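Novice: Pasting in a structure now, in structure tokens, and then I'll have a few things to ask.
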Amino acid sequence: MDILFGNYNPSGRLVQTWPTSLEQLPPMIDYDLRHGRTYLYSEQHPLYAFGYGLSYSTFDYSKISLSRNQLKTGETLLVKVDVTNRGKMAGDEVIQVYVQHVGSKVYRPHKELKAFRRVTIGAGQKAPVEIPLKVDSLAWWNPRQQRYELEGDRVRIMLGGSSDALGAGAEVQVTAGLPVGRR
């Protein structure tokens with residue numbers, strides 16, 4: 001009741017994509033995710049996107065920056081952003097970090113969620129937020145070699161409150177290698 005009467009600010013997020021219509025989905029017997037069944041590969045605008053959530057506050061993102069311009073195996077990138085609560089009540093925002101491989105030589109998703117962080121921000125307040133992103137999480141599974149590999153390419157880092165509400169981001173150059181900690 002507190003949520004319905006505006007006494008509590010909700011902050012839950014969807015863990016799936018809700019299509020606008022059945023026509024947006026591939027045939028039921030097509031289990032290949034690359035044909036658009038999830039946010040990873042879909043080219044359609046969904047009714048409710050992966051990561052979507054309701055709030056009585058509106059959050060703005062500014063000053064997006066990365067701790068470094070180049071990454072190699074074993075390193076961690078710090079994604080930094082200022083988040084401002086434009087609402088009239090305190091609220092939680094789930095800052096979602098998505099990546100897009102710009103120069104990949106293998107078939108990759110359009111965007112992938114790689115990190116997130118929930119922060120509580122007071123009404124009218126701004127909070128600086130840092131989210132760590134391990135470069136090894138950018139590796140892809142090479143079926144021929146039977147191992148994860150870190151591909152050398154440019155990776156676009158995008159931030160937002162859901163997979164379809166991503167603002168401007170920044171790019172980082174990744175050096176090829178074998179990820180540490182993956183076998």
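Novice: Taking Thr20, is it within 17 Å of Leu166 (Cα to Cα) and without any contact (Cβ under 8 Å) to a residue 40 or more places away in the chain?
Specialist: For Thr20, the condition - within 17 Å of Leu166 (Cα to Cα) and without any contact (Cβ under 8 Å) to a residue 40 or more places away in the chain - is not met.
Novice: In region 57-72, what count of residues is obtained for those that are crowded, with 18+ Cβ neighbours inside 10 Å and not aliphatic (A, V, I, L, M)?
Specialist: Adding up the residues that qualify gives 3.
Novice: Within region 97-151, track down each residue that is more than 19 Å from Lys72 (Cα to Cα) and aromatic (Phe, Trp, Tyr).
Specialist: Selection gives Tyr107, Phe116.
Novice: Let me ask something else. Filter region 97-108 down to the residues that are at pLDDT below 95 and buried (at least 18 other Cβ atoms within 10 Å of the Cβ) and list them by number.
Specialist: Selection gives Arg108 alone.
Novice: Same structure again: So which strands (runs of 3 or more DSSP E) stay within region 28-101 end to end and still have 1 or more residues that are hydroxyl-bearing (Ser, Thr, Tyr), in contact (Cβ under 8 Å) with a residue 12 or more places away in the chain and more than 16 Å from Phe116 (Cα to Cα)?
Specialist: 59-66, 76-85
Novice: When you go through Asp164, Asp92 one by one, which is the residue that is touching a His at 6+ places or on another chain (Cβ under 8 Å) and either among the acidic types (Asp, Glu) or over 30 Å from Phe5 (Cβ atoms) (or both)?
Specialist: Matching residue, one of Asp164, Asp92: Asp164.
Novice: Check region 14-32 and report whether any residue there is in contact with an Asp or Glu (Cβ under 8 Å, 6 or more places away or on another chain) and more than 23 Å from Val135 (Cα to Cα).
Specialist: Yes; the residues of region 14-32 include at least one that is in contact with an Asp or Glu (Cβ under 8 Å, 6 or more places away or on another chain) and more than 23 Å from Val135 (Cα to Cα).
Novice: Then there's this: Kindly indicate which of Pro179, Pro128, Pro132 is of a type outside the set (D, E, K, R), in contact (Cβ under 8 Å) with a residue 40 or more places away in the chain and touching a helix residue (DSSP H, G or I) at 6+ places or on another chain (Cβ under 8 Å).
Specialist: Of Pro179, Pro128, Pro132, the one residue that is of a type outside the set (D, E, K, R), in contact (Cβ under 8 Å) with a residue 40 or more places away in the chain and touching a helix residue (DSSP H, G or I) at 6+ places or on another chain (Cβ under 8 Å) is Pro179.
Novice: For residues that are more than 17 Å from the chain's Cα centre (by Cα) and β-branched (Val, Ile, Thr), scanning just region 28-63, find the one that is modelled with the highest pLDDT.
Specialist: Here the residue is Thr58.
Novice: State which residue is nearest to the chain's Cα centre (by Cα) when the search covers only region 13-27 and only residues that are exposed (fewer than 12 other Cβ atoms within 10 Å of the Cβ) and assigned to a loop (DSSP other than H, G, I, E, B).
Specialist: Only one residue tops the list, namely Val15.
Novice: Looking at Leu78 and the list (1) touching a Leu at 6+ places or on another chain (Cβ under 8 Å); (2) exposed (fewer than 15 other Cβ atoms within 10 Å of the Cβ); (3) within 19 Å of Trp141 (Cβ to Cβ); (4) of a type in the set (A, V, I, L, M, F, W, C), which single condition is not satisfied?
Specialist: Failed condition: (3).
Novice: Taking into account only those residues within region 135-176 that are touching a residue at least 60 places away in the same chain (Cβ under 8 Å) and of a type in the set (Asp, Glu), which is farthest from Gln96 (Cα to Cα)?
Specialist: Filtering first and then ranking leaves Asp136.
The values are calculated or read from the model by the stated rules, or taken from the named source; none is laboratory data. Keep in mind that this is a model prediction, so the values were computed, not measured. When we count neighbours, we look across all protein chains shown, and the Cβ atoms used for this are built from the backbone with ideal geometry, even at glycine.
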